[in-house]
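Working notes, structure below.
The values are calculated or read from the model by the stated rules, or taken from the named source; none is laboratory data. All values reported here derive from a predicted model rather than from experimental measurement. FYI the Cβ positions are ideal-geometry reconstructions off the backbone, even for glycines, and counts take in every protein chain you see.
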Amino acid sequence: MSENQAPAAGEVSGFLQADGQRLVNGNGREVLLRGVGFGSWLLPEGYMWSFPDRGDRPRRIERMISELVGEKKAAEFWALYYDRYIGEDDIRRIAEEGFNSVRVPINARFLILMDGDKPIWREDRLALLDRVIGWCREYRLYVILDLHGAPGGQTGTNIDDSEFDRPDLFLEERNAELTVELWALLAARYKDEWIVAGYDLLNEPLPDWFAQYNDRIMPLYKRIVRAIREVDERHMIILEGAHWATDWSIFDEKIDDNVMLQFHKYWNNPDTESIRTYLEYRDRWNAPIFMGEGGENNKLWYAGAFRLFEDHGISWNFWTWKKLERDNSPCEVKRPEGWDRLVGYLEGGEKPSAEEAEKTLWTYLDSLPLDRCVYHRDVVDALLRRPPVRIPAIFYGYGGEGVGYGVAEKRSGALGFRSGDGTDIRFVVSGERTAPNFQHGRGEDWQPDEWLCVQLMPGDWLAYDFLAVSVRGAGSLQVDHGALTDSQGTPTDGSSAGYSLKLRMCAVGEEGMRGRVEVEAEGAAVGWMEAGTEWETVGLTGTILVSPGDRRLVLKAAGDRPVRVMWLEINGLPDC
């Protein structure tokens with residue numbers, strides 16, 4: 001039996017394009033992109049190798065490997081690396097999990113050899129792009145081509161493989177010319193390839209310490225778009241803001257009719273207030289918006305942030321699919337024996353022998369294919385809110401009052417998180433903290449004093465959407481998000497998914513008092529749960545039975561006592 005799901009039938013079909021604020025496929029069907037990024041594949045990033053600053057970008061990693069094993073062996077290493085890092089098994093698994101897209105970051109230097117001032121396009125490297133695009137066509141995943149490292153570098157940092165830590169793309173005209181030529185080449189090559197969703201022109205141009213050059217971004221975007229449109233009129237243009245894609249003040253005019261605006265989101269509040277500017281630009285430009293990079297946090301944050309995007313109709317892409325020895329990405333590459341010696345060498349320590357280095361590096365290569373990785377399905381479960389999943393109570397629905405929550409009396413938000421909702425969010429443990437901490441870049445769990453809860457007065461309610469998946473039968477399940485239940489939430493097509501529910505909750509009041517929460521699933525009452533004035537983990541008696549698709553639970557404070565809820569946990573049961 002399969003617990004996986006494939007993209008809904010017909011969703012990935014035909015050229016993707018902007019239609020007002022929506023994305024639609026070749027059949028005119030609205031599509032919300034849900035995908036993963038291939039960080040460190042065609043532009044190796046040192047932190048995904050657990051390397052220090054001296055190995056933080058492709059050219060530094062390349063130099064280290066050449067110094068350790070020589071140029072010939074280094075060339076063999078990189079050929080194997082690019083071949084193995086993303087394989088057909090990765091693409092198949094991504095589709096089986098229910099994603100419908102991937103973002104492919106590209107380093108210009110990966111594709112270009114310079115003969116003096118003349119670029120030589122590397123056909124062998126372009127063939128790798130052709131291959132992954134072919135796999136994505138077979139498994140029905142839209143592909144976003146992302147120029148992550150432009151000629152000269154668009155950020156002046158490690159993430160674009162900068163040579164001199166300055167944004168030479170905007171300082172030297174030849175780099176701008178090469179960038180335009182590169183996009184013209186890619187557009188001509190893939191102009192008839194419908195599985196390519198669009199062209200992400202520049203990743204995160206110009207951090208704020210280079211903001212004096214911000215007025216050069218849009219003119220370059222216009223040059224690139226003109227070159228693309230000379231050979232390709234169908235593919236979507238994707239524009240990122242300045243300063244890690246978060247500053248959209250550079251967007252002074254809509255430069256194409258088929259355009260999508262992209263922002264990135266890391267390590268901050270997953271609430272509507274934090275994305276308000278992007279929502280306003282969506283209305284102003286009448287164009288779709290895209291959260292093109294977000295992640296590098298813990299699974300609790302994922303369960304909130306990615307629901308935020310869903311509830312606001314924002315396409316999204318998780319960063320990143322695979323990296324070394326971290327459990328907050330779906331695929332964890334195992335750390336080879338001897339890796340510490342490479343790290344030590346980068347930090348100025350003793351140089352390993354060529355034989356030792358080769359053994360360690362080739363062990364790493366052997367660990368790259370999907371079947372050699374540690375697979376963290378719980379990361380994907382958190383992104384999709386697919387049981388088993390734990391959802392912090394503070395991440396109730398983002399659809400607004402009357403949709404995601406209901407309160408009889410609004411409270412003023414004192415914590416700077418979801419302040420506009422009027423719900424009563426507070427720390428579980430009283431202490432010195434005055435604001436939430438959502439910075440957990442290595443995936444570490446929240447500390448006890450970081451947990452928040454929601455206090456509900458009698459009659460107040462909170463809604464939580466989750467993805468129900470049937471596990472009956474073999475093969476991948478194609479999930480249609482339409483309702484498959486009757487008016488009482490009972491499955492009408494013979495398929496069903498059974499779930500149990502736990503809450504971490506307590507009553508507010510004097511010792512001995514009890515607080516009650518009533519539970520509804522898809523509008524039907526399914527039971528209630530009680531707790532005393534000490535925090536308890538309580539389970540719902542009975543089973544929540546729903547059909548596959550996006551489903552909703554509502555928690556409502558009942559009785560005459562306020563209650564506090566810290567988290568809810570939904571777990572799947574055997575076939576129902």
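Observations on the structure shown:
- Selection of segment 254-277 for residues being in a loop (DSSP other than H, G, I, E, B) and either under 20 Å from the mean Cα position of the chain (by Cα) or in contact (Cβ under 8 Å) with a residue 40 or more places away in the chain (or both) yields ASP257, ASN258, TYR266, TRP267, ASN268, ASN269, PRO270, ASP271.
- Extreme residue, surrounded by the most Cβ atoms within 10 Å (Cβ to Cβ), among residues of segment 201-243 that are hydrophobic (A, V, I, L, M, F, W, C) and in contact with a His (Cβ under 8 Å, 6 or more places away or on another chain): LEU206
- Index of the failed condition, ALA357 passing every other in (1) in contact with a helix residue (DSSP H, G or I) (Cβ under 6 Å, 6 or more places away or on another chain); (2) surrounded by 15 or more Cβ atoms within 10 Å (Cβ to Cβ); (3) part of a loop (DSSP other than H, G, I, E, B); (4) of a type outside the set (Asp, Glu): (3)
- Among the residues of segment 370-414, those identified as modelled with pLDDT under 95 and of a type in the set (D, E, K, R) are GLU409, LYS410, ARG411.
- Hey, LEU129 crowded, with 20+ Cβ neighbours inside 10 Å and touching a Phe, Trp or Tyr at 6+ places or on another chain (Cβ under 7 Å) or not: no
- Taken together, GLU293, GLU332 contain a single residue that is of a type in the set (Asp, Glu) and buried (at least 23 other Cβ atoms within 10 Å of the Cβ), which is GLU293.
- Among the numbered conditions (1) out of contact with any Gly (no Cβ under 6 Å at 6 or more places or on another chain); (2) under 18 Å from ARG223 (Cβ atoms), the only one that ASP168 does not meet is (1).
- Looking at VAL454, VAL428, just one residue is β-branched (Val, Ile, Thr), outside the structural domain of LYS322 (by TED's automatic domain parsing) and crowded, with 21+ Cβ neighbours inside 10 Å, and that residue is VAL454.
- Flag if TYR464 is in a loop (DSSP other than H, G, I, E, B), over 30 Å from TYR139 (Cα atoms) and either of a type in the set (S, T, N, Q) or at pLDDT 95 or above (or both): no
- Residues in segment 298-332 that are assigned to a strand (DSSP E or B) and without any contact (Cβ under 8 Å) to a residue 60 or more places away in the chain: GLU332 alone.
- Candidates ARG411, ARG426, ARG377, filtered to the one that is more than 20 Å from TRP78 (Cβ to Cβ) and under 23 Å from the mean Cα position of the chain (by Cα): ARG377
- Each residue in segment 81-121 was checked for being in a helix (DSSP H, G or I) and without any contact (Cβ under 8 Å) to a residue 40 or more places away in the chain, and 0 of them qualify.
- You will find that of GLY532, GLY549, GLY527, GLY539, the residue that is without any contact (Cβ under 8 Å) to a residue 24 or more places away in the chain and either in the same structural domain as MET513 (by TED's automatic domain parsing) or among the hydrophobic types (A, V, I, L, M, F, W, C) (or both) is GLY527 and no other.
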